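Scroll down for the structure; my scribbles are underneath it.
The values are calculated or read from the model by the stated rules, or taken from the named source; none is laboratory data. This structure is a prediction, so every number in the text was calculated from the model and none was measured. Please note: Cβ atoms are built from the backbone with ideal geometry, for glycine as well, and neighbour counts cover all protein chains shown. Note: accessible area is taken over every heavy atom of the protein model, side chains too, but ligands, DNA and RNA are not part of it. Shrake-Rupley method; radii C 1.70, N 1.55, O 1.52, S 1.80 Å.
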Amino acid sequence: MDKLQLNQALKQKRLANESRLSLLEKDLLQLKSPPPWEDFLVEKKVVTEDQLLGIKSDILGVPAVDLRNQQISQEILNLVPEPIAHRHQVISFARTNDSLSLAMVDPSDLQTKEFIQKKTGLNIKVFLIGKASLDFGLSKYHSSLEKEMRHLFTPSSQPLSAAAEGESAEDDGLKKMAEEIPVIRVVDTLLEYAIFEKASDIHIEPQENSVIVRYRIDGVLHDVMTLPKVIQAAIVARIKVLSNLKIDEHRLPQDGRFKVEKDGYKYSLRVSTIPIFDGEKAVIRLLDESAKAASLEDLGFEKSSLEIITRNIKKPHGMLLVTGPTGSGKSTTLYTVLSMLNTKSVNISTIEDPVEYRIAGANQMQVNPKIGLTFAMGLRALLRQDPNIIMIGEIRDKETAEEAVHAAMTGHIVFSTLHTNSASAALPRLLDIGVEPYLIASTVNAVLAQRLVRVVCKDCIKEIKLDGATIESLSKQFHMEKLLPALIRAGAAPAKAKNLEDLKFYKGAGCDKCGHTGYKGRMGLHEILEVSPQIAEMIMAHKSAQEIQDQAEKEGMVLMWEDGFIKAGKGVTTIDEILRVSKE
């Protein structure tokens, strides 16, 4: 709702005057994490929730409803599953033959309305609700599911209650429960709406008295459901059935995978279970197999970085390394590069752990240490298959590193990943692993380091400026004197800018479209070190990572934090995100 309209309505109804609202706005700006304006007004008792609901209803032209006065059948409630209801603040409360009444905190959320309309095949009638009414509607999900699950645990329907029958009876009971409709429905719902929310992982975490379900969206975990404790064993059993794991093994970690293909999407899901104090925790990673390969521009590469990568992948042989922590998008970058090079005239072979995305026309092998198929052994086998381009999932040991280097020397293009914090640290790491310096200097063409940052939500983006105190604080972590020239060179600051206080940066105010986070989507920050003759000599002389980085900077390398500030200056991300991922 428009802030000016709301303030005007408050003044008309004599609930607040101009001076009171001005003071409140100043108070709001001083808060480190300011809530939405309307929530702040309720908190400060300027207006009650019911009064606010009436004002919003008048301004938006949407009828208000109080769900606490409604009888909602379970069948109608379940037309909008709990993860969607929880995250998008929407409850279905009544229906006719051809229409469904939706109570929404944000009636302008067209994406959610269209999704529910497509899912149910019903025309949507929208009503406005307040937070208390929403909480009442959400509580209905929990009580009904608990009732259904407790029925499954009654002695007449479930041998699990008879402890005297021992573990075998318990496991038989779990198998039976894993095939029960309520359990199947819960797991299917978790998967379906994780895909809708574009989550990368689902965490199912047993607590002392409940089970918490969280989705990782844009790299950050969000609570989406609280399930009754009674359902815990059945959900984990269902996931184990789907991923072909041992249902009767509760004391050891297990790993498996399965696929979901429905309504035009195709996902590969990797499952991991571990025993913890309150039961078994399950984590499911979602990999979209139907996603089209992104371009390097889509991944966030600036023009100068694109030129370096393009130049080095066109070389007839040599190695390109991608470094960064787990979950920093290394595999996605390598798959994108492979897709660029994937033509009928070349043979692309990979050895991975695991194979995350399928590449049409590429020969992809998965390691299996149980039978001795390691990265090194698989790489030796691949070299006998006449490859042009080789991708190695990760260089973990001396044997794999030496095989990779020899492959790069003998006329192959080799791509791989390493776990280091910066591009310059990758070269000494290879020395530490045991690769000879002359081999590194003559085979490594370039090293790319990267992190993922969240992208500012375009629906609530606003300008900010840095004050002196903020710049001083940033100077303790970054070489800020280098920043202004770097921003001007990259076109992220006007050429006539004299100091950092003149520059515009951006942040998300938080809105319903982004779940009040201020962010929507992710993009990479990058630094690319090209191995020049001078850097090759430094590798031969066993120079440190810092010395190599200093030389690369002299040769024009843009550091990762500088790339972050360039993106922040262009309104792509925020300074908070740069601090989160690239502190020195």
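Of all the residues that make up segment 91-118, how many are more than 20 Å from Gly510 (Cβ to Cβ), without any contact (Cβ under 8 Å) to a residue 24 or more places away in the chain and in a helix (DSSP H, G or I)?
Matching residues across segment 91-118 total 4.
I'm told Glu302 meets every condition in (1) surrounded by fewer than 14 Cβ atoms within 10 Å (Cβ to Cβ); (2) acidic (Asp, Glu); (3) within 23 Å of the chain's Cα centre (by Cα) except one. Can you identify the failing condition by its number?
(1)
List pairs: first in segment 553-573 and touching a residue at least 40 places away in the same chain (Cβ under 8 Å) and under 26 Å from Ala509 (Cβ atoms), second of a type in the set (Lys, Arg) and crowded, with 18+ Cβ neighbours inside 10 Å, Cβ under 6 Å, 6+ apart or cross-chain?
Listed by first residue and then by second, the contacts come to Thr573/Lys567.
Considering only residues of segment 198-228 that are part of a loop (DSSP other than H, G, I, E, B) and of a type outside the set (A, V, I, L, M), which is nearest to Pro325 (Cα to Cα)?
That would be Gly219.
Of everything in segment 66-90, what is in a loop (DSSP other than H, G, I, E, B) and either in contact with a helix residue (DSSP H, G or I) (Cβ under 7 Å, 6 or more places away or on another chain) or open to solvent by less than 20 Å² (accessible area, probe 1.4 Å) (or both)? Give them in sequence order.
Correct list: Asp66, Ile72, Leu79, Val80, Pro81, Gln89.
On the given criteria, is Thr336 polar (S, T, N, Q) and open to solvent by less than 20 Å² (accessible area, probe 1.4 Å)?
Criteria met by Thr336.
I'd like to check something: does segment 490-502 contain any residue that is touching a residue at least 12 places away in the same chain (Cβ under 8 Å), part of a helix (DSSP H, G or I), under 30 Å from Pro107 (Cα atoms) and open to solvent by 50 Å² or more (accessible area, probe 1.4 Å)?
Within segment 490-502, not a single residue is touching a residue at least 12 places away in the same chain (Cβ under 8 Å), part of a helix (DSSP H, G or I), under 30 Å from Pro107 (Cα atoms) and open to solvent by 50 Å² or more (accessible area, probe 1.4 Å).
Taking into account only those residues within segment 535-584 that are within 20 Å of the chain's Cα centre (by Cα) and of a type in the set (Ser, Thr, Tyr), which is nearest to Pro325 (Cα to Cα)?
Across segment 535-584, the extreme among qualifying residues is Ser582.
Can you tell me which residues in segment 356-392 are touching a strand residue (DSSP E or B) at 6+ places or on another chain (Cβ under 7 Å) and in a strand (DSSP E or B)?
Asn363, Gln364, Met365, Gln366, Ile389, Ile390, Met391, Ile392
For segment 413-432, how many residues meet the condition of being open to solvent by 20 Å² or more (accessible area, probe 1.4 Å), assigned to a helix (DSSP H, G or I) and either acidic (Asp, Glu) or touching a strand residue (DSSP E or B) at 6+ places or on another chain (Cβ under 9 Å) (or both)?
2
So which of Lys458, Lys507, Lys462, Lys482 is of a type in the set (Lys, Arg), in contact (Cβ under 8 Å) with a residue 40 or more places away in the chain and assigned to a helix (DSSP H, G or I)?
Lys482
Assess whether Glu114 counts as being of a type in the set (Asp, Glu) and either in contact with a helix residue (DSSP H, G or I) (Cβ under 7 Å, 6 or more places away or on another chain) or at pLDDT below 85 (or both).
Spelling it out, it is not the case that Glu114 is of a type in the set (Asp, Glu) and either in contact with a helix residue (DSSP H, G or I) (Cβ under 7 Å, 6 or more places away or on another chain) or at pLDDT below 85 (or both).
Name, by its number, the condition in (1) at pLDDT 90 or above; (2) in contact with a Gly (Cβ under 6 Å, 6 or more places away or on another chain); (3) crowded, with 17+ Cβ neighbours inside 10 Å that does not hold for Asn244.
With (1) at pLDDT 90 or above; (2) in contact with a Gly (Cβ under 6 Å, 6 or more places away or on another chain); (3) crowded, with 17+ Cβ neighbours inside 10 Å applied to Asn244, the lone miss is (3).
For segment 532-569, which residues satisfy the criterion of being in a loop (DSSP other than H, G, I, E, B) and either surrounded by fewer than 17 Cβ atoms within 10 Å (Cβ to Cβ) or at pLDDT 95 or above (or both)?
Of everything in segment 532-569, those that are in a loop (DSSP other than H, G, I, E, B) and either surrounded by fewer than 17 Cβ atoms within 10 Å (Cβ to Cβ) or at pLDDT 95 or above (or both) turn out to be Ser532, Ala541, His542, Ser544, Glu555, Gly556.
Among what's in segment 364-387 and is touching a residue at least 24 places away in the same chain (Cβ under 8 Å) and open to solvent by 40 Å² or more (accessible area, probe 1.4 Å), pick the residue that is farthest from Asn342 (Cα to Cα).
Checked segment 364-387; the qualifying residue farthest from Asn342 (Cα to Cα) is Thr374.
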